[in-house]
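The values are calculated or read from the model by the stated rules, or taken from the named source; none is laboratory data. Since the model is a prediction, treat every value here as computed from it, not as a measurement. Counting neighbours? That spans all protein chains shown, and the Cβs are built from the backbone with ideal geometry, glycine included. Accessible surface areas use protein heavy atoms only, side chains included; no ligands, DNA or RNA. Shrake-Rupley method; radii C 1.70, N 1.55, O 1.52, S 1.80 Å.
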Amino acid sequence: MNTIILNGSPKGNSKNSNSQIFAKEFVRNMKNPCEIKCIAKADPRELAKYVESFDTIIIILPLYIHAMPGIVMKFIEGLEPATDEGKYIGFIVQAGFIETAQHRFIERYFADLAKQLNYKYLGTVSKGEAAGIYMFPKLFRKVLKLITELGMAYEKNHSFDKDIVKRLGKPYELTKFQSMIFELANKLGLNNVGWHRVLRKNNALDKRLDRPFL
Ligand SMILES: Cc1cc2nc3c(=O)[nH]c(=O)nc-3n(C[C@H](O)[C@H](O)[C@H](O)COP(=O)(O)O)c2cc1C
């Protein structure tokens, strides 16, 4: 199978893009690693034309404000419905919030999109709690290993391994107890420790509550 991986993050080919990290991990142990291209900065119509020569498109993207980045939407709008039966499309969505329940709307959209484009749908892999990966890759070693295994299984079977998808997708929703722990951590300001460090590094800590558009 001739597969192209597209990174849908606006950060493009940056070491700070978690989608790019996922893409590289996905192909890491493949015998014939797939080509990776970034949607950012590409001409969406030219890229849509380019991917026509592949049997399978896998888009790896973040959620920004609960939705796909606008550049991904623009690219999708440039795709023409397949005229033969041998086309496949799949998605890997990674995002900051822990619960992958947030992904259910985009998953439904992607399943429907595949139908509209006459592509066979490989499915959508969802991973939450991914925002910190580029900052603390060692903490996320297990997640990255799962992505590498997902890529190896994909190369072998041309599908997303159900067991790995299930593991990556947890938790779908937090239990009441877990929610209470997070609420407590929030009240104590523990959730902000990492973010405040980034804000401080960028001299933006005292501007964090600014509301320039109000
Ligand atoms: C402007 C902005 C909006 C975001 N909105 C969401 C969101 O609605 N839900 C979520 O889970 N994560 C959200 N995130 C976190 C990103 O999904 C997360 O950091 C992701 O790993 C970024 O991937 P990238 O580095 O490939 O762009 C947001 C991040 C930014 C910068």
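Which residue fluctuates the most in the chain, going by a Gaussian network model with Cα springs under 10 Å, if the choices are Lys138, Lys187, Lys37?
Between Lys138, Lys187, Lys37, it is Lys187 that shows the largest mean-square fluctuation.
Just grab the label-to-label distance for Thr175 and Lys31, each label 7 Å out from Cα along the Cβ direction, in nm (one decimal).
4.3 nm
Would you mind getting the Kirkwood hydrodynamic radius of the chain from its Cα pairs, rounded to one decimal in Å?
Numbers: mean 1/r = 0.0544 Å⁻¹.
Final number for the Kirkwood radius of the chain is 18.4 Å.
At 222 nm, what value in deg cm²/dmol follows for the chain if DSSP H runs of at least 4 each add -39500 (n - 2.57) and the sum is divided by all its residues, to the nearest 500?
Values: 8 runs with 83 residues, N = 214.
Roughly -11500 deg cm²/dmol at 222 nm, from the helical runs in the chain.
For Ala204 and Glu85, what is the calculated FRET efficiency with R₀ set at 45 Å and r taken between the beta-carbons, to the nearest 0.05? Write down the numbers at each step before the final one.
Details: r = 52 Å, r/R0 = 1.15.
The computed FRET efficiency comes out at 0.30.
Net charge near Ile57, counting Lys/Arg +1 and Asp/Glu -1 over other residues with Cβ under 13 Å of its Cβ? Please report the intermediate quantities before stating the final value.
On the way: positive: Lys37, Lys49, Lys87, Lys120; negative: Glu35, Glu52, Asp55, Glu80.
Summing Lys/Arg as +1 and Asp/Glu as -1 gives 0.
Calculate, in nm to one decimal, what Lys156 and Met73 gain on full extension: separation in residues at 0.36 nm each, minus their alpha carbon distance.
On the way: separation 83, 0.36 × 83 = 29.88 nm, distance 2.97 nm.
Separation in residues times 0.36 nm, less the Cα-Cα distance, equals 26.9 nm.
Gaussian network model of the chain, Cα springs within a sub-10 Å range: biggest mean-square fluctuation belongs to which of Gly78, Gly70, Gly194?
Gly194
Which of the pairs Lys24/Lys145; Lys127/Lys201; Lys31/Lys156 have their Cα atoms more than 18 Å apart in this structure? Walk me through the numbers on the way to the answer.
Details: Lys24/Lys145 11 Å; Lys127/Lys201 27 Å; Lys31/Lys156 10 Å.
Too far apart for the 18 Å limit: Lys127/Lys201.
If you fit an axis through the alpha-carbon atoms of helix 18-27 and take the longest principal axis of the Cα set of the chain, what angle between them do you get, 0 to 90°, nearest 10?
The helix 18-27 is inclined about 40 degrees to the chain.
Using only Cα atoms, find the angle between the long axis of helix 176-187 and the longest principal axis of the chain, and express it within 0 to 90 degrees, rounded to the nearest 10.
So the helix axis and the longest Cα principal axis differ by about 60 degrees.
Return the percentage of antiparallel bridges among DSSP beta bridges fully within the range 3-168, rounded to the nearest 5 %.
Details: 1 of 24 bridges.
In the range 3-168, DSSP labels about 5 percent of beta bridges as antiparallel.
What dipole magnitude, in Debye to the nearest 20, does the chain give about its Cα centre under +1 on Lys/Arg Cβ and -1 on Asp/Glu Cβ? Mind showing how you got there, number by number?
On the way: 33 positive and 22 negative charges, 205 e Å.
Once rounded to the nearest 20, the dipole reads 980 debye.
All other residues with a Cβ under 13 Å from the Cβ of Asn18 taken together, and with Lys, Arg as +1 and Asp, Glu as -1, what is their net charge? Before the final figure, lay out the partial values.
Values: positive: Lys11, Lys15, Lys24, Lys127; negative: Glu25, Glu129.
Summing Lys and Arg as +1 and Asp and Glu as -1 gives +2.
Between Asn157, Asn203, Asn13, which gets the highest mean-square fluctuation from a Gaussian network model of the chain, Cα cutoff 10 Å?
The residue with the greatest mean-square fluctuation here is Asn203.
Whole number in Å², please: accessible area per residue of the chain, 1.4 Å probe, ligands, DNA and RNA not counted. Numbers along the way, then the final one.
Values: 13150 Å² over 214 residues.
Each residue of the chain exposes 61 Å² on average to a 1.4 Å probe.
Quickly work out the Phe136-to-Asn192 label distance, labels modelled 7 Å from Cα along the C-beta direction, and quote it in nm with one decimal.
So the two model labels end up 1.8 nm from each other.
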